Structures are given as C-alpha cells and as structure tokens.
Amino acid sequence: MELTAEIAAYRDGTGDPGRLVGEFRRAVLLVPLADGVAGAAGGLMSAVSGGIRWFYAFTDEEALARFAQARGEDGREWPYLAVLGARLVDAVVPQVDGPAGVAVNVADGDGSMLFPPVTSIVPDGCAVDTVGAEADAGMVA
C-alpha cells in the first residue's frame, strides 16, 4: 500500500502504526528547498512549532502544489529534492540542533500526517521520549 493510503487507513482507525511508519520510511518524498523563500538561508524547507522543527515533505507534485497555493506562492518555482522518508529521519533529523520530525502533505487536511521525533520513528538519540514508546504514541492526525 502506498503512503497516502496508509495515512488514510490510520486516520480512519483501520490502519496499523507499524505499517504506516514502514511505508513512510520506504516512500520517496518531495522535500522543498528553502532557497528563494523570504528570510530562508538555504537547506530544506521547515518550520518550528511547539519547539519541534518540522521538515515539509510531500507524496507527489500535486500535494506540493496545494501547499504552494495555500501559502499564496503558487506563482513561483518550487525546487525540491526527492528523498526517502528513511533518509529524512535517519540522516537529516540527527543533523538538527534540537527535536525534529517530518510533516507530510500539510496542506491536505485529512490527508496530512506528522511523524514526530519519537522512538520508532527517528533514531533513539534524537527521540524526545525516553521509555519504549510504541510507533503510534506521538503521531498526530
């Protein structure tokens, strides 16, 4: 099953957290670059909310376009990298000074999903929880 279908299943209560995280890790995600955004100094586009840096990631160009439109910035070019979800959490998140997670398809309301900095999603050294949490403990729908 693809990531968007796993997100939908999880959100309607029929999904499996382990399958969702596995599909996220296997998915090729489009991660916009911060270059060209007012006040950004390059790198991957992200935002800080609740003390967590959230990297924006999208399952396809249409989801990225909806994000651009929601920001009122659909008239400009949106350069992005195609990155495996596993690479984002295993290689990018550890480079961040502080907790970081991934926000997938954030402009899609019911189709969005946050993958927070918790055990079973990010490397243990980057997780904000400390005692064997299940993969779904910190997921926010």
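What nm distance separates the two modelled labels at A5 and E73, each placed 7 Å from Cα along Cα→Cβ?
Each label point lies 7 Å from its Cα, and together they span 3.3 nm.
Roughly what would the spin-label model give for D97 and S49, points 7 Å off Cα along C-beta, in nm?
Calculated label separation equals 2.4 nm.
Hey, got a sec? Which trypsin sites (Lys or Arg not before Pro) in region 53-124 land in a DSSP loop and have at most 14 other Cβ atoms within 10 Å? Please list the in-between numbers first.
Details: sites: R53, R66, R71, R76, R87; in loops: R71, R76.
Qualifying residues, ordered by number: R71, R76.
Provide the FRET efficiency to the nearest 0.05 for the L84-D12 pair, computing r from the beta carbons and using R0 = 25 Å. Don't skip to the answer; put the middle values down first.
Numbers: r = 26 Å, r/R0 = 1.04.
So the FRET efficiency works out to roughly 0.45.
Return the single residue from V102, V128, V21 with maximal mean-square fluctuation; model: Gaussian network over the chain, springs between Cα atoms under 10 Å.
Residue with maximal mean-square fluctuation among V102, V128, V21: V128.
Taking amide H positions as placed in the peptide plane 1.01 Å from N, state which residues far from L33 in sequence (5 or more) or on other chains have amide H under 5 Å from it.
M45, Y80, L81
If I take every Cα pair under 8 Å that is 6 or more residues apart in the chain, average their sequence separation and divide by the length, what percent do I get for the relative contact order? Don't skip to the answer; put the middle values down first.
Working: 248 pairs, mean separation 32.1, N = 141.
About 23 percent, as a whole number.
Quick one: which residues, 5+ away or cross-chain, put their amide H under 5 Å from the amide H of D60? H built at 1.01 Å from N.
L30
Taking neighbour Cβ counts within 10 Å as the exposure measure, how do W54, W78 sort from fewest upward?
Values: W54 22, W78 19.
The fewest-first ordering by Cβ neighbours comes to W78, W54.
Apply the Karplus curve 6.51 cos²θ - 1.76 cosθ + 1.60, θ = phi - 60°, to the phi angles in region 12-19 and return the couplings in whole Hz, x for Gly and Pro.
Calculated HN-Hα couplings, in order: 8, x, 9, x, 10, x, x, 5 Hz.
How large is the Kirkwood hydrodynamic radius of region 6-91, counting all unique pairs of alpha carbons, in Å? Kindly include the intermediate steps, with their values, before the conclusion.
Details: mean 1/r = 0.0707 Å⁻¹.
That comes to 14.1 Å for region 6-91.
Could you calculate the contour length gain from A65 to R26, that is, 0.36 nm times the residue separation minus the distance between their Cα atoms, to one decimal place in nm?
Values: separation 39, 0.36 × 39 = 14.04 nm, distance 2.22 nm.
Full extension from A65 to R26 adds 11.8 nm.
Where a number appears in this text, it was derived from the coordinates with a stated rule and is not lab data. Remember, it's a predicted structure, so these values are computed and weren't measured experimentally. Methodologically, a virtual Cβ is constructed for each residue, glycine included, from the backbone with ideal geometry; neighbour enumeration extends over all protein chains shown.
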